[in-house]
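A.B. asks: Let me begin by handing over the structure; questions about it come next.
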Amino acid sequence: MAFDAVSEGIVITDSAQRILQVNPAFEAITGHRQQDIVGLSCAFLQGPLTSPEARQAISQTLARHEVYSGEILNYRKDGSTYWSDLSISPLRDANGQLTHFIGLMRDISERKRAEAELIAGEMRFRDAAEAAGGYILDMDTRFRYTFVSERSKQLLGYPADELIGHTPAEFMPPGEIDRVNAWFETNLQPDGSVRGLEHRILTKSGQVRWLMVSRVPLRDREGHVTGHRGTAFDITDRKQAEAARVELENQVRESQKMEAIGTLAGGIAHDFNNIIAAILGNVNLARQDVSPASPALESLDQIHKAASRARDLVRQILSFSRREQTQYKRTSLAPIAQDTGSMLRALLPARVAIEVECAADVPPVAADASQIQQVIINLATNAMQAMAGKPGRVHIGLERAQPEEAHTASHLALRDLFQRHPEGLVRLGISDNGPGMDKAMLGRIFEPFFTTKPVGEGTGLGLAVVHGIAQGHQGVITVDSQVGAGTRFDLYLPVDTEAPAEATPANSAAYANPARRSPGIEGSGTTKPHIVYVDDDEALTFLVKRLLERRGMRVSAHQDQEEALKAVIDDPAGIDLFLTDYNMPGLSGLDLARRVRAIRADLPVGIASGFIDETLSAEAVGAGVQSLIFKATSVDEFCGSIEALLVPKT
């Protein structure tokens, strides 16, 4: 993980400042192992020589739930002291409540010793500064270098003589001098000294690095300033660690927000699934009840279309909240990209050109093909809509991500993904030449229900679904966009290194395809099979009872679990199938299945649910359940699954 790879010490505490987790760099700096200090306050690192003012500043700042930044003397496990450059930030949840603190500390003992040497004497100061990784500089009154120690060549790539006569501003990237001048306006000391100025500089090779500069004015006997003397330290590693910390904080906040909204949306979607199933099922029954010439058929068709659209929206919500049933298989993405591109050419306006470019050496990934297709469609459709009726181009590209991208990736999660998957990544890119987005919009595009479209023209779930699919595939999605320069999304997925699984007979699966079984519908000693159905939703018990009775079955429908159990106890031999909903108050479907199997071990038991995952599947096997039936399916498939559970009479 990037958390473990950061060279600076990182500590995460709860809201009461008790340690929850530290990284290896923290352990190396302090000498304390994580398992020995979890639950302690970070104040245990302080000792007799720790500044009381620093202690008080930390305590007061954190009590106000504000960001603290400063230097403090701490103690290692062996009793030795070290100076720490410390930064502590509060983390809040989606409601703004404080949940954690995250601290970043850097051992600056060498730098502090170097600063002490500056006071002791010029020669000792120069030697110590270079030993600590910095270089010495002298400047005239116009801030031109008059002396630079040889260490500058190692840090900047310039020999000292190439810097003489030039000003620091000449080696800064564009715009940096303006930021430095703004810093001077509020931070220049009354005596003309500079302490802790941090700025970027370009090395001779063109690389951008960060320096921290401190300097003091040199004066003659009359007190006139004759020049400046100071030190410059390379703090690039620290700045990168700070950027990583900020990104980590943002990811924690975003993850908490997405999880909270996803939980809420997923719960609502589950309830809507029951409502929609009742609507679609009753429409199916009503169609059978009216004559082909009835004008009511047209109204029923419209109800069916509207309910089907609602069902599709619920599936999007379930996909965003990662509650949708998915099947990850060893998959080649090239055919998916090509086929989806062909479909988009037929669906999108002719003014939008669709280009598909797939490299020949792209390895397979573990993916759900339908979800990958949904990613491409969502992103291409968004691009078309952003073009607002103007001609444009959407490019779909597939290639193997290059290993060197791990070193240049600015996205922390992407760098982490490269590190965790040395076998490599596959990149699926969807780009357009549309109007692009500004930074404010880029910061919100993956938020659920965020949309720039007018009311009624979009749900704001498209990109949230894409983000959820990326996470569900253990991948990362990045976006790059500029106003007027188009937008590019890249989905990175790990290469699948597992060998393809051998095919197994259909009847060996825990839940075989019901369509492959004979729907014997003779009952136990009667002409009609007897089914006990349990669901706390009145609309669904009414619906399922009518649907199955029309297919020649006898149904005892119950909304109360105890009543259903009593029916089994009263006549266990007279029941051919026990079918129950999974999510019910009190006894769940699994609890009910276990009790029914205890009464009659050979009675087929099925569970119906609007959400089926690996956990439920495993628990169902343990409870002796013969089949899990997905509620959000068609009437014919639902009834067919039930018929398949009825054992043919021999």
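A.B. asks: Residue under question is R55, and the condition is that it be free of Cβ contacts under 8 Å to residues at least 12 places away in the same chain and farther than 18 Å from A28 by Cα; does it hold? Working first, answer last.
C.D. replies: Numbers: free of Cβ contacts under 8 Å to residues at least 12 places away in the same chain: no; farther than 18 Å from A28 by Cα: yes.
Answer is no for this residue.
A.B. asks: Report whether or not R600 is touching a Pro at 6+ places or on another chain (Cβ under 6 Å), farther than 15 Å from D535 by Cβ and outside the structural domain of F272 (by TED's automatic domain parsing). Write out each step before concluding.
C.D. replies: Values: touching a Pro at 6+ places or on another chain (Cβ under 6 Å): yes; farther than 15 Å from D535 by Cβ: yes; outside the structural domain of F272 (by TED's automatic domain parsing): yes.
Yes: the conditions hold for R600.
A.B. asks: Given the conditions (1) at pLDDT 85 or above; (2) surrounded by 15 or more Cβ atoms within 10 Å (Cβ to Cβ), and given that I569 satisfies all but one, which numbered condition is not satisfied?
C.D. replies: Exception for I569: condition (2).
A.B. asks: What pairs can you find where one residue is in the range 80-94 and assigned by TED's automatic domain parsing to the domain that holds A57 and among the hydroxyl-bearing types (S, T, Y), the other is in a loop (DSSP other than H, G, I, E, B) and surrounded by fewer than 18 Cβ atoms within 10 Å (Cβ to Cβ), and their Cβ atoms are less than 8 Å apart, with a gap of 6+ or different chains?
C.D. replies: Going by the 8 Å Cβ cut-off, the qualifying pairs are T81/G47; T81/L49; Y82/R76; S87/V67; S89/V67.
A.B. asks: Also: Against the condition farther than 18 Å from I607 by Cβ and either modelled with pLDDT of 50 or more or among the aliphatic types (A, V, I, L, M) (or both), how does E549 come out, does it pass? Break it down into steps so the answer makes sense when it comes.
C.D. replies: On the way: farther than 18 Å from I607 by Cβ: yes; either modelled with pLDDT of 50 or more or among the aliphatic types (A, V, I, L, M) (or both): yes.
Taking the combined requirement at face value, the residue satisfies it.
A.B. asks: While we're here: When you look at Q17, is it closer than 22 Å to R238 by Cα, in contact with a strand residue (DSSP E or B) (Cβ under 6 Å, 6 or more places away or on another chain) and in the same structural domain as G79 (by TED's automatic domain parsing), yes or no?
C.D. replies: So Q17 does not fit the description; no.
A.B. asks: Still on this structure: Please report, ordered by residue number, the helices (runs of 4 or more DSSP H) entirely within the range 47-141 with at least 2 residues that are surrounded by fewer than 19 Cβ atoms within 10 Å (Cβ to Cβ), out of contact with any strand residue (DSSP E or B) (no Cβ under 7 Å at 6 or more places or on another chain) and at pLDDT 80 or above. Full working, then the answer.
C.D. replies: Working: elements: 52-63, 109-120, 122-131.
Counting at least 2 such residues, we get 52-63, 109-120.
A.B. asks: Which of the residues spanning the range 144-183 are acidic (D, E) and either under 18 Å from M212 (Cβ atoms) or exposed (fewer than 14 other Cβ atoms within 10 Å of the Cβ) (or both)? Lay out the reasoning, then the answer.
C.D. replies: Residues of the range 144-183 that are acidic (D, E), as a first pass: 150, 161-162, 170, 176, 178.
Matches in the range 144-183: E150, D161, E170, E176, D178.
A.B. asks: Let me ask something additional. Say whether the condition of being surrounded by fewer than 17 Cβ atoms within 10 Å (Cβ to Cβ), of a type in the set (D, E), free of Cβ contacts under 8 Å to residues at least 24 places away in the same chain and in contact with a strand residue (DSSP E or B) (Cβ under 7 Å, 6 or more places away or on another chain) is met by at least one residue in the range 536-543.
C.D. replies: No, the range 536-543 has no match at all.
A.B. asks: Tell me, please, whether a residue that is at pLDDT below 85 and either touching a His at 6+ places or on another chain (Cβ under 9 Å) or outside any loop (DSSP other than H, G, I, E, B) (or both) can be found in the range 519-533.
C.D. replies: yes
A.B. asks: Taking G472, is it of a type outside the set (F, W, Y), farther than 26 Å from A401 by Cα, modelled with pLDDT under 85 and in the same structural domain as P422 (by TED's automatic domain parsing)? Outline the logic, then answer.
C.D. replies: Values: of a type outside the set (F, W, Y): yes; farther than 26 Å from A401 by Cα: no; modelled with pLDDT under 85: yes; in the same structural domain as P422 (by TED's automatic domain parsing): yes.
In short, no.
A.B. asks: Determine, yes or no, whether V647 is at pLDDT below 90 and surrounded by 15 or more Cβ atoms within 10 Å (Cβ to Cβ). Walk me through it before giving the result.
C.D. replies: Working: at pLDDT below 90: yes; surrounded by 15 or more Cβ atoms within 10 Å (Cβ to Cβ): yes.
Taking the combined requirement at face value, the residue satisfies it.
The values are calculated or read from the model by the stated rules, or taken from the named source; none is laboratory data. Remember, predicted model here, so these are calculated numbers, not experimental data. Note that we place each Cβ from the backbone using ideal geometry, even for glycine, and neighbour counts take in every protein chain shown.
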